[in-house]
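For reference, the structure is listed below as structure tokens.
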Amino acid sequence: MFSTGFKYFIGVTVLSVAALIMSLFVLDQFAIAGVAISMLIAVTALLAGIAVVTRDGQTTTATPDSSKELVTQSMWPLVTSIGVVLLALGLVTSALVFFTGLVVVLGALVEWMVQSWSERASKDVNYNALARKRILNPIEFPVLAALGLGVIIYSFSRIMLAVDKSTGALLFILLGSVVLIAGILFVLKPNLNRSLVVAICALGAVGIFATGILSATTGMREELVEAAAEGHFSHAECGPEESKYFDKLAEGNLSLRSSVDATIELADGKLTARVVGFNQPQNSVTIRRATSTNFIFHNLDANEYRLVADLGNRAVAEPDGKTEKNLVCTQLTAQGSEQSLVLTINKPAPVGTSYVLSVPGIEGQTIELVVP
Amino acid sequence: MNHSQRHRNLKNQLASVSLVVVKKYRKISGVALASMLASSCATNAPQDTWQPKGPNAKLIDDLQQPVFAVAGIIGLIVAVAVVYTVIKYKDRGQPIPEQTHGKPALEITLTIIPALILAVVAVFTFGAIFKLAKTDDTEMIINVTGQQWWWEYDYPVQNEFGITQPIISSGQLVMPVGTKVLLRETSRDVIHSYWIPALNGKRDAVPGRVQTLRLEADAPGIFAGQCTEFCGLSHANMRMEAIALSKADFAKWVSNQQAKYVAPAKDSLAQQGEAVFLNQCVRCHQVNGLMRADGTPVIAAPDENVWSGAAPNLSHLMSRNTFAGATFDLLSKQCRDEVWGASSDEIGAKYLAGVSEDCLNQKDLRSWLRNAPEMKPMYANPTQLAATGGKYRGMPYLALSEDDITKLVAYLLTLK
């Protein structure tokens, strides 16, 4: 019969061998990871040998106590060994793997300790199991529930990223309706068979999980892949429109909307500024140095336009002294829509020049930005 | 000795100790109480919230006076009831009276009366809040920007007031009387709060937000204020003053603020001071119109040296009465008293006279230039600037020689 210690160490050894093989494929380099895992294999194999020879350090031959119930089988040596391997792998791969291993090892050790203690609490196996439950269930249930919920939410998010926008909305409505109907059903039928309820919930969870895996392997929908590649969230385009997938909800940012310095309005080919506090439209806006200033561009004209802030020149390659136009702009804005623009200007415009807001395609209309 | 007796003995002992403490500190308590009462009679209390000097502050005052009276009467009734109960039902060994629970009529009455009082207060409070939040009747705009530990004021172009180019100032807010001024407040670093008690309530200056505050003064005068949101080391030194001038005087002030830079006379001490200024101070402080020797205009770069990105613009410094966040006076005590003590009719002329050489508070200005962090606590230790990426919060020690300080003071005196 193999001893517990042997099972633990041989488990670590076997998993480490698997990790070594995987690392050779995944990391495509042997240097650090290979040496570390090989060392781990050697050490744990040695310890496994010692454990089996010495029967876990038991020097006297104990006579089995027939009055004691046999201890139950334990999965915690296996889980701990997986955790240790993750720890080792994490050291050479990523912090995420390392901390996952740490959590697994700590959790398994706690479980293992409490189980060992409870198995010696009395001669009654049922009582021992109850003692273990009373200590660990208050921890296990919330943790497992959170993990389960996390897995379901993550799976669902993969589904939403994979399907197109309209399908996503429908799916959301459908799932919400199913949850609502199921909730109503459970309330109206309190004596519903418990197994049936569990089966329905489990089936739903497994369904979402499986679809989530399928969606993750399919990948995100095309427009999101393109958007990520173009980095359109930076909103720094001023030349020809490069992205057709800009974030149309950028202006919906609540904090920005609630604190606008000026709204720049384009109507009938005229550009005006409505500045907080001024009762009349302005053709210049005084903004503070070194302070972020929030603008909203409101397009009331028929075509799509964007607002461009011309902030003079900026150096691009020191010490060559080369400069380029310093432009900041909104995305193209459709009729009736708004886009936000946040400017921070640290210095006044050089003498003889000025900072201006303009709209390409609308000639002769500018708003001067005055920085005292 | 049973539990009840032990309890009674303990109470008696505590009462004896309390009596001894009260007797021992009777004099101190008396002095403290007298001081508290006497302080309410102070006449020199520039930040007194009970002396409104403008319609917005009056609106608040009209609300707080009756509320304070009602709250005071209720407080008095409660206090008298508590004292009466404590004395009348003091434990004298009498048996514990019968305990009762629930008197619906009394409970409902005691709920409805406060609710009614609060409802009436709420009606007037909401009315006042909406009136104070109005912006559509604004006559003048001033941008107010807080940073550690001073306030910047900039006046956007407003032709109706003769402001044809933006004016930028600090420390003292200058405004015309009888004019609905709207402050557009924000902050460059942490949250500050702007409060001139005589003119209106407080308004927080929050980074990334623009908040408005109405100000209006009935008559010319100087009104003191204080940052009322803890904002770091020198929060207590972040002061402000609002100067209300008659419309004619305000026009003169505007005209002076827009006047072109006048370079110091050739070969004067002030000209040498200008050279020191160009060498040391322009890294952070802007003086509009100041030129370098090669004829290029000087643009200060506080964004490269100061965490908040700004330092006070010193154009027309000597038209102000204070410096370093209104912490110190530019005027000597005698001259300052003359300005602060002037009548409404005279204050404009006295303020517009600015700071002359005779009236300059040389001592504080020289000390400031010698070692600013010693005068006002600031994060100005060059070895401890890691948290701000090597940038200062406040003016650092510049190691100026006494000779340079003399030249600088002569130059600053020309910035009228």
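Throughout, read-outs are computed from the coordinates displayed, never taken from laboratory work. Because the structure is predicted, anything quoted here is derived from the model rather than measured. As a convention, Cβ positions derive from the backbone with ideal geometry for all residues, glycine included, and neighbour counts pool all protein chains shown.
Per residue and in cubic angstrom, what volume does the convex hull of the Cα atoms of the range B:157-287 have?
Residue-normalised Cα hull volume stands at 147 Å³.
Any idea what the relative contact order of chain B is, in percent, if you count C-alpha pairs under 8 Å spaced at least 6 apart? The partial results should precede the final answer.
Values: 671 pairs, mean separation 58.2, N = 416.
Relative contact order comes out at 14 percent.
Using alpha-carbon positions, what is the distance between the centroids of the range A:346-370 and the range A:259-285, in Å?
Taking the Cα centre of each part, the range A:346-370 and the range A:259-285 sit 14 Å apart.
Return the long-range amide H neighbours of B:Ser193 (sequence gap of 5 or more, or a different chain), with a cut-off of under 5 Å between placed amide H atoms.
B:Ala205, B:Thr228, B:Glu229
Which aspartates and glutamates does A:Lys270 reach when only Cα atoms under 20 Å apart count, and residues fewer than 8 places away in its own chain are ignored?
Excluding near neighbours in sequence, the set is A:Asp261, A:Asp301, A:Glu304, A:Asp310, A:Glu338, A:Glu363, A:Glu368.
Nearest 500 deg cm²/dmol is fine: what mean residue ellipticity at 222 nm does chain B get from its DSSP H runs of n ≥ 4 alone, each adding -39,500 (n - 2.57), divided by its residue count?
It comes out at -13000 deg cm²/dmol, rounded to the nearest 500.
For the range A:84-234, just say rounded, prolate or oblate: build the C-alpha gyration tensor, square-root its eigenvalues into a ≥ b ≥ c, call rounded for a/c under 1.5, and beyond that prolate if a/b exceeds b/c, oblate if not.
Taking the square roots of the gyration eigenvalues as a ≥ b ≥ c, the range A:84-234 is oblate.
Would you please put B:367-378, B:339-350 in order of how densely packed they are, using the mean number of other Cβ atoms within 10 angstrom per residue and starting with the highest?
Ranking, from highest mean packing down: B:367-378, B:339-350.
How large is the charge dipole for the range A:127-210, taken about the Cα centre, if only the Cβ atoms of Lys, Arg (+1) and Asp, Glu (-1) carry charge, to the nearest 20 debye? Could you put the intermediate results ahead of the total?
Values: 7 positive and 2 negative charges, 60 e Å.
My answer is approximately 280 debye.
I need the per residue convex hull volume for the range B:84-124, using only the alpha carbons, in cubic angstrom as a whole number.
Working: hull volume 3.8 nm³, N = 41.
Looking at the range B:84-124, the number lands at 93 Å³ per residue.
Under 4.7 Å Cβ to Cβ, no partner at all: give me those cysteines from chain B, in residue order.
B:Cys41, B:Cys227, B:Cys231, B:Cys281, B:Cys284
Roughly how many debye, to the nearest 20, is the charge dipole of the range B:142-277 about its Cα centre, given +1 on each Lys and Arg Cβ, -1 on each Asp and Glu Cβ, and no other charges?
For this selection, approximately 180 debye.
Between B:Leu278 and B:Val120, how many nm apart are label points set 7 Å from Cα along the C-beta direction?
Spacing of the two 7 Å Cα→Cβ label points: 7.1 nm.
Would you please give the FRET efficiency between B:Lys202 and A:Phe2, computed as 1/(1 + (r/R0)^6) with r the Cβ-Cβ distance and R0 = 51 Å, to the nearest 0.05?
It comes to 0.10.
In whole Hz, what ³J(HN,Hα) sequence does the range A:170-187 give by Karplus (6.51, -1.76, 1.60; θ = phi - 60°), x for Gly and Pro?
So the Karplus estimates, Gly and Pro as x, are 4, 4, 4, 4, 4, 5, x, 5, 4, 4, 5, 5, 4, x, 4, 4, 5, 6 Hz.
Over the Cα atoms, compute the radius of gyration (one decimal) and Dmax (the largest Cα-Cα distance, rounded to a whole number) for the range B:317-407, in Å.
According to the Cα coordinates of the range B:317-407, Rg and Dmax are 16.1, 52 Å.
With N residues in the range A:279-372, what two-decimal value do you get for its Cα radius of gyration over 2.2 N^0.38 Å?
Scaled against compact globular proteins, the figure is 1.16.
I need the peptides B:242-253, A:177-188 ranked by packing, meaning the mean over residues of other C-beta atoms within 10 angstrom, with the highest value on top. Mind dumping the intermediate values first?
Details: B:242-253: 19.9, A:177-188: 10.8.
Top to bottom by mean Cβ count within 10 Å: B:242-253, A:177-188.
Given Cα positions, please report Rg to Rh for chain B, the hydrodynamic radius being the Kirkwood one.
On the way: Rg = 28.3 Å, Rh = 25.3 Å.
We get a ratio of 1.12 for chain B.
Residue by residue through the range A:291-296, what is 3J(HN,Hα) from phi via Karplus (6.51 cos²θ - 1.76 cosθ + 1.60, θ = phi - 60°)? Round to whole Hz and write x for glycine and proline.
Working through the residues one at a time gives 9, 5, 10, 9, 10, 10 Hz.
What is the set of long-range amide H partners of A:Leu332 at a cut-off below 5 Å, with H atoms built 1.01 Å from backbone N?
Residues meeting the criterion, in which the H sits 1.01 Å from N, do not exist here.
Suppose the Debye formula is applied to equal point scatterers at every Cα of the range B:291-362; what is log10 I(q)/I(0) at q = 0.11, 0.12, 0.21, 0.27 Å⁻¹?
Taken in order of the listed q values, log10 I(q)/I(0) reads -0.41, -0.47, -0.91, -1.19.
What is the sum of charges around B:Trp253, taking Lys and Arg as +1, Asp and Glu as -1, for the other residues whose C-beta is under 11 Å from the C-beta of B:Trp253?
+2
Other chains near A:289-296: what is the mean number of their Cβ atoms within 10 Å of each residue's Cβ?
Per residue, the average neighbour count from other chains is 6.
If we count every other residue with Cβ under 10 angstrom of B:Gln272's Cβ, Lys/Arg +1 and Asp/Glu -1, where does the sum land?
-3
Please give the contour-minus-distance gain from A:Val225 to A:Arg194: 0.36 nm per residue of separation, less the Cα-Cα distance, rounded to one decimal in nm.
Result for the pair: 6.8 nm of gain on full extension.
Please give the net charge around A:Ile362, taking every other residue with its beta carbon less than 11 angstrom from that of A:Ile362, where Lys and Arg add +1 and Asp and Glu add -1. Provide the component values of the computation, followed by the final result.
Numbers: positive: A:Lys270, A:Arg306; negative: A:Asp268, A:Asp301, A:Glu363.
Surrounding charge for A:Ile362 is -1.
Decide, for the range B:60-209, between rounded, prolate and oblate: order the square roots of the alpha carbon gyration tensor eigenvalues as a ≥ b ≥ c, take rounded if a/c falls under 1.5, and otherwise choose prolate if a/b is larger than b/c, else oblate.
Values: a/c = 3.80, a/b = 2.80, b/c = 1.35.
It is prolate, given that a/c is not under 1.5 and a/b is the larger ratio.
Report Rg (one decimal) and Dmax (nearest whole number) for the range B:114-198, counting Cα atoms only, units Å.
16.6, 55
Checking understanding here: applying a Kyte-Doolittle mean of at least -1.0 and a length along the axis of at least 24 Å (C-alpha), which whole DSSP H helices in chain B pass?
Working: long enough: B:3-24 (32 Å, -0.61); B:55-88 (49 Å, 1.29); B:104-132 (41 Å, 2.01).
Correct list, ordered by number: B:3-24, B:55-88, B:104-132.
How big is the charge dipole of chain B about its Cα centre, in debye rounded to the nearest 20, if each Lys and Arg gets +1 on its Cβ and each Asp and Glu gets -1 on its Cβ?
That gives chain B a dipole magnitude of about 1940 debye.
Here is the link list: B:Lys391/B:Lys416; B:Lys333/B:Lys407; B:Lys134/B:Lys202; A:Lys347/B:Lys416. Which ones come out longer than 27 Å on Cα distance? Don't skip to the answer; put the middle values down first.
Working: B:Lys391/B:Lys416 30 Å; B:Lys333/B:Lys407 23 Å; B:Lys134/B:Lys202 15 Å; A:Lys347/B:Lys416 23 Å.
Violating the 27 Å limit, Cα to Cα: B:Lys391/B:Lys416.
Other chains near B:210-218: what is the mean number of their Cβ atoms within 10 Å of each residue's Cβ? Please list the in-between numbers first.
Working: counts 11, 2, 2, 0, 0, 0, 0, 0, 0.
Going residue by residue through B:210-218 and averaging, the value is 2.
Assuming 0.692 mPa s and 37 °C, estimate D for the range A:329-372 with Stokes-Einstein, Rh taken as the Kirkwood radius over Cα pairs, in µm²/s.
Stokes-Einstein gives a translational diffusion coefficient of 263 µm²/s.
Please give the peptides A:209-220, A:296-307 ranked by average Cβ packing (other Cβ atoms within 10 Å per residue), highest first, as a rough proxy for protection. The partial results should precede the final answer.
Working: A:209-220: 14.9, A:296-307: 18.5.
Going from most to least packed, we get A:296-307, A:209-220.
With point charges of +1 on the Cβ of Lys and Arg and -1 on the Cβ of Asp and Glu, referenced to the Cα centre of the range A:152-225, which listed residue (A:Ala210, A:Gly176, A:Leu188) lies farthest in the positive direction of the dipole?
Checked the options; the winner is A:Leu188.
Suppose a student asked you for the relative contact order of the range B:178-245, using Cα pairs under 8 Å spaced at least 6 residues apart; what percent would you report?
On the way: 147 pairs, mean separation 23.2, N = 68.
Dividing the mean separation by the residue count of the range B:178-245 yields 34 percent.
Step through the residues of the range B:219-226 one at a time and calculate ³J(HN,Hα) from phi using the Karplus curve (6.51 cos²θ - 1.76 cosθ + 1.60, θ = phi - 60°), rounding each to whole Hz and writing x for Gly and Pro.
Values per residue, Gly and Pro as x: 9, x, x, 10, 10, 8, x, 7 Hz.
Please report the antiparallel percentage of the DSSP beta bridges confined to the protein assembly as shown, to the nearest 5.
70
Which is farthest toward the positive dipole end of the range B:37-106 among B:Ala69, B:Ser40, B:Leu106, measuring Cα position about the Cα centre, with Cβ charges +1 (Lys, Arg) and -1 (Asp, Glu)?
Going by the Cα projections, it comes out as B:Leu106.
Counting only other chains, what is the mean number of Cβ atoms within 10 angstrom of the Cβ of each residue in peptide A:150-156?
Mean shielding count: 0.
Report the FRET efficiency, 1/(1 + (r/R0)^6), for A:Val143 and B:Val80, where r is their Cβ-Cβ distance and R0 is 45 Å, rounded to 0.05. Don't skip to the answer; put the middle values down first.
Values: r = 58 Å, r/R0 = 1.28.
Computed FRET efficiency for A:Val143 and B:Val80 comes out at 0.20.
Kindly state, to the nearest 0.05, the FRET efficiency for B:Thr49 paired with B:Asp358, given R0 = 41 Å and r defined as their beta-carbon distance.
For B:Thr49 and B:Asp358, the calculated efficiency is 0.70.
May I ask for the equivalent-ellipsoid semi-axes of the protein assembly as shown, computed as the square root of five times each C-alpha gyration tensor eigenvalue and listed largest first in whole Å? Intermediate results must be reported in sequence, preceding the final value.
On the way: eigenvalues 806, 412, 214 Å².
They are 64, 45, 33 Å, listed from largest to smallest.
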